[in-house]
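Colleague: Below you will find the structure I want to go over with you.
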Amino acid sequence: MFQIWLLINGILVYAMTFYGAAHISADEFIFDSVSDWKRWSFPNEAVEIDSRGRIRPRPINRDVNAVGEAKLYGGGIRAVGSNLRDANKIIDGDESSGWSPDVQDLSKGGWIEIDLGRAVSATWIELVFDRRAPPFELFDLLISNGMMMRDQTRSFIESTLVYGVTKRFIKNKSHRIRFLLTDPELSIVKNIRIQILKMFNGGSLTEVIVQEFGNNLVLEAPERGGGIEIAVEVENPLSVSKGRVRAAADGLITTAWYPTGREVNSEDTYAYIRVDLGAVYRVDQLRLISDLGQNFDFLLYELATSDGSLAPDNTLVWEKHFSGKQNNTLNKIGLVDHFFGRIAAKFVQVRWKFWDSNCQNGRQENTGCFSTGRTQEIQVFGKGLPRRVILKSPIIDLGSDKNVYSLRWEADIEPGSFLELRSRSGNELQQQKKFFDHNKKEVTEKVWNRLIPSFRGRIDTFNTVGNDWSPWSRIYQVSGESFLSPSPTQYMELEAQIVSNSDAKNPATLDRISVDFSPPIAGEVVGEVYPNEIAAGVFTDFSYYLRAERCPNGFDEITVESTASLQIKEVLVNNVSTTPIISREKNGLRFFFPTSILQGDIVELKFGGRVHVNGTKIESFISETGTNKKFRQRVKPGDAFSGNESSTNVLKIPLSDKLFSDLVLESRIVTPNDDGVNDALVVTFGVRNVTKYRKLIFSVFDLAGNLQFRIDNNTVAGPREFVWDGMNRNGELVSPGMYIINLSIHVDSGIYTDKRVVSVSY
């Protein structure tokens, strides 16, 4: 079975949970078809799935034809005076066919109207006529932003339109006419009417093109799992209905968000409009339409974006792009544009001063006291692929504990794009409920119980991960890699993140994901290291213990992997020394035992080694000879030997702010005279607790502070060595005397340094 997800009020939730895989065999489940991928959760409008079952990010574009997407927003041909049959030919993208009215009575039937379905920001409108006949000679082009006529109560009169622009074309001989919309106020287009006054027989209009700024990311944000939030930052927030919030991003100029009241405070009060785009995009423009042609109702405001990164206090990290006031000209236009340099953003926020505390004491009627933030539309534009798209599999039920041993995938990874796969697993599920009112709005259980029965909606029951689930694994590096989450397991989830850099031309395409599994070798197999606290960088002896239960057939191979360099000293089974065949693998050691290890047997692997990073893990796997190497079961940390008090596979080193350990100079006197004794200085040391590559510098200075020699390196924790032969940077032997040896490493907290003094004599 699989999970089914619903998008409710811009929030992606489970409707019900199913378990299983897309198609499953005895030892493999596969995701590779359209129906398979649709069972995953992902931001709908941010990805696309082709007919072959390949899933990829969907790019956003600049300079697109708004007519081509009109029907997606409920638009199309609004009305036509005559020849209804051919009306759709002017919006089908085909310039070889078109529409012409009844030429016998142009006054009644010589017109056609297009509805774009939403108000777009456009740069020009183009009319294309059939080149095989004369174009329309005399006609009017009328443009409307969707505003309707009002009655005496200022209410809109449905099905009416106010055309704000009328352009008459006289003695036209051009088959392609482009009308530029240079005035920002007049660039908002929703409806177009062509009224023909004079034409010749045979002429026809083949296409109408409206070039809009680009795909407005705000319109489709709810479909991507995002949405819009508006809040006034007071203890008792103003009542703002969901309907009015949506009015700020519904594609209609006739609707607007505005607060339902005013609150006088002794301190300045701020409000914000926050748009969640549903995915991380590279945006380059925001258009804020407040009250078109009337007023820009944001007196003092700031604009910021966030890519979703969190600060230490778990709040969003914002990048500010504007803070201040707009000029009077823009205030009269009622809209403003802000341009960026293709900034990665998941959230876009406009925050403004809602109430100026200087206006209290009964003077709240003064101009500038309140800035309501009235918003007809907020539009965000960008170009290219979303920077990051996250796809999550359903919870997969394997029926019982299974040994999941490898993850494989097929994908086309284009330059500039990356695929990041992770997994998690567990054996417990938690049941949760979501409550809805009769309007399908999600409410809390407490609110639901207070509703009268007729106002109560459905209750959705679904399962989520339990308390024993592992965190998401590290990123899988290669297809076929061993399963990185705890196994055996009954349940698991997969996460795929498709990442595109700014220079990516084409998206990464994910074709297939498959997971290999089998019945477990053992119902339980645990391992622990003892002692698990050792000195940093010091060669230390320790043991790794392993024990399996519910293992009817036993096993004969153990693979041990670690970032630490390990030397095996002895192998014991039930405290009896044995001699397995040992081979060195890529990440550790593999032990083959001539006699099977049975359930309850205690294996002790005695190691010696140096540890430089606190939290170094000793990972191990068991397998059976004769099976595929990939068929192996991960050993979980646990109490393998009752005589120890460890129950962990993690090696700890004492906490210290020192990043260098065991710094040793073979000699403090360098005599570079080629006699084979102290001809060079050998410096050995350990770098500790550095998990990411950092710059390591070895330098030699004279007592006056002059640099004589330098080696730059990038390093992580581990043993290191530098050699200096007494030569300076020019390849010349330095003068006899005292010199300072300087080791430094650049880390997040600063530069850590250690120094020693040596002498050169010859």
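Colleague: Can you pull out the residues in the range 29-55 that are in contact (Cβ under 8 Å) with a residue 40 or more places away in the chain, within 30 Å of Pro520 (Cα to Cα) and out of contact with any Phe, Trp or Tyr (no Cβ under 7 Å at 6 or more places or on another chain)?
Modeller: Residues satisfying the conditions are Phe29, Ile30, Asp32, Trp40.
Colleague: Here's a follow-up. Scanning the range 515-551 for residues that are of a type in the set (D, E, K, R) and buried (at least 18 other Cβ atoms within 10 Å of the Cβ), which turns out farthest from Leu663 (Cα to Cα)? It would help to see each step written out before you state the result.
Modeller: Within the range 515-551, the first condition is being of a type in the set (D, E, K, R), and the residues that meet it are 516, 524, 528, 533, 541, 547, 549-550.
Now drop any that are not buried (at least 18 other Cβ atoms within 10 Å of the Cβ), which leaves 516, 528, 547.
Details: Asp516: 47, Glu528: 31, Arg547: 39 Å.
Checked the range 515-551; the qualifying residue farthest from Leu663 (Cα to Cα) is Asp516.
Colleague: From the list Gly527, Gly457, Gly554, Gly537, which one is in contact with a Leu (Cβ under 9 Å, 6 or more places away or on another chain) and at positive phi?
Modeller: Just a single option satisfies the conditions, and that option is Gly554.
Colleague: Determine, yes or no, whether Phe462 is in the same structural domain as Phe29 (by TED's automatic domain parsing) and modelled with pLDDT of 90 or more. Quick ask: steps written out before the conclusion?
Modeller: On the way: in the same structural domain as Phe29 (by TED's automatic domain parsing): yes; modelled with pLDDT of 90 or more: no.
When the stated conditions are applied, Phe462 does not pass them.
Colleague: Related question: Return yes or no: is Ser393 of a type in the set (Gly, Ala, Ser), in contact (Cβ under 8 Å) with a residue 60 or more places away in the chain and outside the structural domain of Asn331 (by TED's automatic domain parsing)?
Modeller: Answer is yes for this residue.
Colleague: Additional query: Look through the range 707-743, keep the residues that are in contact with a Lys or Arg (Cβ under 8 Å, 6 or more places away or on another chain) and among the aliphatic types (A, V, I, L, M), and return whichever of them is surrounded by the most Cβ atoms within 10 Å (Cβ to Cβ). So that I can check it myself, show each step before the final result.
Modeller: The first filter runs over the range 707-743 and keeps only residues in contact with a Lys or Arg (Cβ under 8 Å, 6 or more places away or on another chain), leaving 707-710, 712-717, 719, 729, 740-743.
From the residues that got through so far, the ones that are among the aliphatic types (A, V, I, L, M) too are 707, 716-717, 740-741, 743.
Numbers: Leu707: 12, Val716: 15, Ala717: 24, Ile740: 15, Ile741: 21, Leu743: 21.
Of everything passing the filter in the range 707-743, Ala717 is surrounded by the most Cβ atoms within 10 Å (Cβ to Cβ).
Colleague: Then there is this: I'd like the residue in the range 621-641 that is modelled with pLDDT of 90 or more and more than 15 Å from Pro520 (Cα to Cα) and, out of all such residues, is surrounded by the fewest Cβ atoms within 10 Å (Cβ to Cβ).
Modeller: In this case the residue turns out to be Asp639.
Colleague: Among (1) in a loop (DSSP other than H, G, I, E, B); (2) within 21 Å of Ser479 (Cα to Cα); (3) among the hydroxyl-bearing types (Ser, Thr, Tyr), which single condition is Tyr405 missing?
Modeller: Exception for Tyr405: condition (1).
Colleague: If you don't mind, another one. Check off (1) closer than 30 Å to Asp337 by Cα; (2) surrounded by fewer than 20 Cβ atoms within 10 Å (Cβ to Cβ) for Ala122 and give me the number that stays unchecked.
Modeller: If we test Ala122 against (1) closer than 30 Å to Asp337 by Cα; (2) surrounded by fewer than 20 Cβ atoms within 10 Å (Cβ to Cβ), just (2) comes out false.
Colleague: Another question about this same structure. So which of Pro507, Pro486 ends up being buried (at least 19 other Cβ atoms within 10 Å of the Cβ), under 36 Å from the mean Cα position of the chain (by Cα) and under 19 Å from Ala640 (Cα atoms)? Let's see the steps before the verdict.
Modeller: Working: Pro507 fails: under 19 Å from Ala640 (Cα atoms).
On inspection, the qualifying residue turns out to be Pro486.
Colleague: Right, here's the next one. Between residues in the range 610-627 that are closer than 18 Å to Arg547 by Cα and residues that are at pLDDT below 90 and among the aromatic types (Phe, Trp, Tyr), which pairs lie under 8 Å by C-beta distance while being six or more apart or on different chains?
Modeller: Ser623/Phe631; Glu624/Phe631
Colleague: Got a number for residues in the range 311-323 being under 24 Å from Ala256 (Cβ atoms) and either at pLDDT below 90 or within 19 Å of the chain's Cα centre (by Cα) (or both)?
Modeller: 0
Colleague: Something else about it: Among the residues in the range 707-730, are any of a type in the set (Ser, Thr, Tyr), touching a strand residue (DSSP E or B) at 6+ places or on another chain (Cβ under 6 Å), within 30 Å of Val611 (Cα to Cα) and in a strand (DSSP E or B)? Spell out how you get there, then give the answer.
Modeller: Step one: list which residues in the range 707-730 are of a type in the set (Ser, Thr, Tyr), which gives 715.
The next check asks that each one be touching a strand residue (DSSP E or B) at 6+ places or on another chain (Cβ under 6 Å); those that pass are 715.
Narrowing the set further to residues that are within 30 Å of Val611 (Cα to Cα) leaves 715.
From what is left, the residues that are in a strand (DSSP E or B) are 715.
Within the range 707-730, one or more residues are of a type in the set (Ser, Thr, Tyr), touching a strand residue (DSSP E or B) at 6+ places or on another chain (Cβ under 6 Å), within 30 Å of Val611 (Cα to Cα) and in a strand (DSSP E or B).
Colleague: If you don't mind, there's one more thing I want to ask. Could you tell me which residue of the range 232-261 is modelled with the highest pLDDT, considering only residues that are among the acidic types (Asp, Glu) and surrounded by fewer than 18 Cβ atoms within 10 Å (Cβ to Cβ)?
Modeller: Initial filter on the range 232-261 (among the acidic types (Asp, Glu)): 233, 235, 250.
With surrounded by fewer than 18 Cβ atoms within 10 Å (Cβ to Cβ) added as a condition, the list becomes 233, 235.
On the way: Glu233: 78, Glu235: 59.
Taking the candidates together, the pick is Glu233.
Colleague: Residues that are more than 25 Å from Arg351 (Cβ to Cβ) and under 42 Å from the mean Cα position of the chain (by Cα): find the strands (runs of 3 or more DSSP E) completely inside the range 188-234 holding 1 or more of those.
Modeller: Correct list: 188-198, 205-214.
Colleague: Being in contact (Cβ under 8 Å) with a residue 24 or more places away in the chain, crowded, with 17+ Cβ neighbours inside 10 Å and in a loop (DSSP other than H, G, I, E, B) is true for just one of Asp284, Asp297. Which residue is that?
Modeller: Details: Asp284 fails: in a loop (DSSP other than H, G, I, E, B).
From the options Asp284, Asp297, the qualifying one is Asp297.
Colleague: State the number of residues belonging to the range 179-212 that are surrounded by 20 or more Cβ atoms within 10 Å (Cβ to Cβ) and more than 26 Å from Ser100 (Cα to Cα).
Modeller: So the count comes out to 2.
Colleague: Does the range 452-470 contain at least one residue that is touching a Ser or Thr at 6+ places or on another chain (Cβ under 9 Å), of a type outside the set (S, T, N, Q), within 30 Å of Ala496 (Cα to Cα) and in contact (Cβ under 8 Å) with a residue 24 or more places away in the chain? Explain how you work it out, then say what you get.
Modeller: If we filter the range 452-470 for residues that are touching a Ser or Thr at 6+ places or on another chain (Cβ under 9 Å), which is where we start, we get 461-464, 469-470.
So of that shortlist, the ones also of a type outside the set (S, T, N, Q) come out as 462, 469.
With within 30 Å of Ala496 (Cα to Cα) added as a condition, the list becomes 462, 469.
Keeping just the survivors that are in contact (Cβ under 8 Å) with a residue 24 or more places away in the chain gives 462, 469.
Taking every residue of the range 452-470 in turn, at least one turns out to be touching a Ser or Thr at 6+ places or on another chain (Cβ under 9 Å), of a type outside the set (S, T, N, Q), within 30 Å of Ala496 (Cα to Cα) and in contact (Cβ under 8 Å) with a residue 24 or more places away in the chain.
Colleague: Taking the condition within 17 Å of Gly334 (Cβ to Cβ) and either in contact with a His (Cβ under 8 Å, 6 or more places away or on another chain) or without any contact (Cβ under 8 Å) to a residue 60 or more places away in the chain (or both), does Ser155 pass?
Modeller: Details: within 17 Å of Gly334 (Cβ to Cβ): no; either in contact with a His (Cβ under 8 Å, 6 or more places away or on another chain) or without any contact (Cβ under 8 Å) to a residue 60 or more places away in the chain (or both): yes.
Considered against the rule, which asks whether it is within 17 Å of Gly334 (Cβ to Cβ) and either in contact with a His (Cβ under 8 Å, 6 or more places away or on another chain) or without any contact (Cβ under 8 Å) to a residue 60 or more places away in the chain (or both), Ser155 comes out as no.
Colleague: I'm checking my understanding of the structure. Among residues of the range 432-459 that are under 23 Å from Arg246 (Cβ atoms) and surrounded by fewer than 11 Cβ atoms within 10 Å (Cβ to Cβ), which one is farthest from the chain's Cα centre (by Cα)? Write out each step before concluding.
Modeller: Pass one, the range 432-459, residues under 23 Å from Arg246 (Cβ atoms): 434-444, 447-448, 451, 455, 457-458.
The next check asks that each one be surrounded by fewer than 11 Cβ atoms within 10 Å (Cβ to Cβ); those that pass are 439, 444.
Working: Asn439: 31, Thr444: 28 Å.
It comes out as Asn439.
Colleague: Something else about it: Cβ-Cβ distance below 8 Å, separation of 6 or more or different chains: which pairs start in the range 82-101 with a residue that is among the charged types (D, E, K, R) and end on one that is surrounded by fewer than 16 Cβ atoms within 10 Å (Cβ to Cβ)?
Modeller: These pairs meet every condition: Asp86/Ser97; Lys89/Ser97.
Colleague: With Val560, Val576 as the choices, which residue is free of Cβ contacts under 8 Å to residues at least 24 places away in the same chain and either within 30 Å of Asp662 (Cβ to Cβ) or surrounded by fewer than 19 Cβ atoms within 10 Å (Cβ to Cβ) (or both)?
Modeller: Values: Val560 fails: free of Cβ contacts under 8 Å to residues at least 24 places away in the same chain.
Step by step, each of Val560, Val576 is checked, and only Val576 is free of Cβ contacts under 8 Å to residues at least 24 places away in the same chain and either within 30 Å of Asp662 (Cβ to Cβ) or surrounded by fewer than 19 Cβ atoms within 10 Å (Cβ to Cβ) (or both).
Colleague: Being part of a strand (DSSP E or B) and of a type outside the set (Ser, Thr, Tyr) narrows it down to one residue among Phe621, Phe641; which is it?
Modeller: Details: Phe641 fails: part of a strand (DSSP E or B).
Among Phe621, Phe641, only Phe621 is part of a strand (DSSP E or B) and of a type outside the set (Ser, Thr, Tyr).
Colleague: Could I ask something else about it? Give the number of residues within the range 582-604 that are of a type in the set (Ser, Thr, Tyr) and at pLDDT 95 or above. Step through it out loud before you land on a result.
Modeller: Residues of the range 582-604 of a type in the set (Ser, Thr, Tyr): 583, 595-596.
Now drop any that are not at pLDDT 95 or above, which leaves none.
The total comes to 0.
Colleague: Val683: buried (at least 18 other Cβ atoms within 10 Å of the Cβ) and in a strand (DSSP E or B), yes or no? Spell out how you get there, then give the answer.
Modeller: Numbers: buried (at least 18 other Cβ atoms within 10 Å of the Cβ): yes; in a strand (DSSP E or B): yes.
Answer is yes for this residue.
Colleague: Looking only at the range 583-608, which residues are surrounded by 15 or more Cβ atoms within 10 Å (Cβ to Cβ) and in a strand (DSSP E or B)?
Modeller: If the condition is that a residue be surrounded by 15 or more Cβ atoms within 10 Å (Cβ to Cβ) and in a strand (DSSP E or B), then Gly588, Leu589, Arg590, Phe591, Phe593, Ile597, Ile602, Val603, Glu604, Leu605, Lys606, Phe607 are the ones that fit.
Colleague: Please indicate, with yes or no, whether at least one residue in the range 137-155 is farther than 30 Å from Leu217 by Cβ and surrounded by 20 or more Cβ atoms within 10 Å (Cβ to Cβ).
Modeller: Scanning the range 137-155, I find at least one residue that is farther than 30 Å from Leu217 by Cβ and surrounded by 20 or more Cβ atoms within 10 Å (Cβ to Cβ), so the answer is yes.
The values are calculated or read from the model by the stated rules, or taken from the named source; none is laboratory data. Values in this document were obtained by computation on a predicted structure and should not be read as measured data. Glycine gets a Cβ as well: all are built from the backbone with ideal geometry, and neighbour counts include every protein chain shown.
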